[in-house]
1. Below 8 Å between Cα atoms, with a sequence gap of 6+, how large is the relative contact order for the chain in percent?
2. Pick from Val138, Val79, Val58: which is most flexible by mean-square fluctuation in a GNM of the chain where alpha carbon atoms under 10 Å apart are linked?
3. With each pseudo-label sitting 7 Å past Cα toward Cβ, what's the Thr56-Leu42 distance in nm, one decimal?
4. Between Ile182 and residues 5 or more places away or on another chain, which pairs have amide H atoms under 5 Å apart, with H built 1.01 Å from N, and which residues are they?
5. Mean Kyte-Doolittle of at least -1.0 and a Cα length of 18 Å or more along the axis: which whole DSSP H helices of the chain meet both?
6. About the Cα centre of the chain, how large is the charge dipole given +1 on each Lys and Arg Cβ and -1 on each Asp and Glu Cβ? Please answer in debye to the nearest 20.
7. Based on the alpha carbons, how large is the Rg to Rh ratio for the stretch 44-134 when Rh follows Kirkwood?
8. Could you state the orientation-averaged shadow area of the convex hull built on the Cα atoms of the chain, in nm² to one decimal?
Amino acid sequence: MIGVALPLVATTVVFAIWYWFSPKFTDAGYAPAQPVPFSHKLHAGDIGLDCRYCHTTVEKAGFAAIPPASTCMNCHSQVRTTSPLLEPVRAAYRGDKSLEWVKVHMLPEYAYFEHSVHVAAGVGCASCHGRIDKMTVVSQEHPLSMSWCLDCHRNPGPNIRPSDVEVTQMDWVAPPGHSLTISRATGRELNPPTHCSGCHR
Ligand code: HEC
Ligand code: HEC
Ligand code: HEC
Ligand code: HEC
Ligand code: HEC
């Protein structure tokens, strides 16, 4: 009995450790290679496109949409039309082959997160994702751990932007002592959940 169970337990433990400590889950710094070397530094930084030009649902939904090839083709039907780097985009646009971006940020399924509530309250993209406009390859800036979520939920004030600062503006830095506790969406006192069922539903 023990002879059978022990190796099994050992394998499970090894798997669990490997699984939880593989980069996807230990998180910060995770930056997988993508099928097309899309650069946020070029498109959001140098060209200055707003995040919502591509991530169209981030204010309305839980999930921030990844743009379809047609969004890229708004420009790339005119710019760099023969670039081999863009062939996967053109193929997807023709309907030949879908473009599969590798997900960078990934919470486990048992943790509930949605963008719209955060963005509406006035938390900027940069507070959670860092300076995406300077990243040639998207890299995860923060651990997305439970304590990371809770640190802000216990004291959101320094991260809430005044209503005249866009949530997508990348270079906004809170002035010393800055704290806002009123939601810019609803005008009521902010109350991010710290009870377990707030994030584990
Ligand atoms: C021209 C379109 C475009 C613009 C503009 C753009 N993005 Fe993206 N974004 C993408 C694409 C395509 C991906 C998927 C490939 C990748 O991860 O690089 C992506 C990925 C991301 C990811 C990682 C998603 C994941 O898998 O976890 C984040 C975070 C992100 N973008 C934030 C931003 C922010 C913040 C801005 C504004 C400063 C922005 N993006 C502007 C197209 C865009
Ligand atoms: C608003 C216009 C615009 C949009 C939308 C756009 N791009 Fe670009 N992209 C450019 C410009 C401008 C360049 C730089 C061209 C140059 O350097 O001459 C570029 C360059 C690139 C390059 C480098 C190509 C090379 O040969 O070096 C890649 C790859 C790329 N874009 C991918 C994408 C992807 C993927 C999307 C959609 C998620 C996208 N772009 C959306 C304007 C755009
Ligand atoms: C409060 C923190 C927070 C803010 C603010 C935030 N994000 Fe995210 N973002 C996350 C987390 C956490 C994930 C991973 C979600 C998951 O795996 O379920 C994520 C994932 C993403 C993704 C991948 C698709 C998805 O929804 O899983 C994109 C793209 C993205 N964010 C873009 C943005 C943009 C653009 C903004 C600003 C308009 C923004 N985010 C603001 C925390 C945040
Ligand atoms: C930088 C600050 C910040 C970070 C980081 C952050 N949050 Fe929040 N969260 C907020 C604010 C502000 C609200 C809005 C509270 C309100 O409107 O009263 C909120 C609200 C929520 C809500 C309530 C949504 C609803 O429908 O009521 C959930 C769930 C949530 N956050 C989950 C998370 C999770 C999970 C993480 C970590 C992956 C996270 N948050 C990280 C600031 C943050
Ligand atoms: C603000 C959101 C939030 C709240 C509130 C919250 N959690 Fe979590 N919890 C998370 C996230 C996000 C993860 C995933 C962390 C990761 O992947 O590293 C997590 C992971 C966990 C895990 C998995 C083990 C671990 O540490 O990775 C357990 C168990 C857990 N939470 C229990 C609780 C309990 C019990 C409470 C109430 C006292 C609670 N959580 C409150 C967001 C939250």
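1. Working: 243 pairs, mean separation 50.5, N = 201.
Result for the chain is 25 percent.
2. Evaluated over the chain, the most mobile residue of the options is Val79.
3. About 2.3 nm, to one decimal.
4. Leu190
5. Numbers: long enough: 2-21 (28 Å, 1.90).
Within the chain the helices that satisfy the rule are 2-21.
6. Details: 16 positive and 16 negative charges, 43 e Å.
Its charge dipole is roughly 200 debye.
7. Taking Rh as the inverse mean 1/r over Cα pairs, Rg/Rh reads 1.01.
8. About 15.8 nm², averaged over all directions.
Throughout, read-outs are computed from the coordinates displayed, never taken from laboratory work. Since we're looking at a predicted model, the values are computed, not measured. A quick note on method: Cβ atoms are made from the backbone with ideal geometry, for glycine too, and the neighbour counts reach across all protein chains shown.
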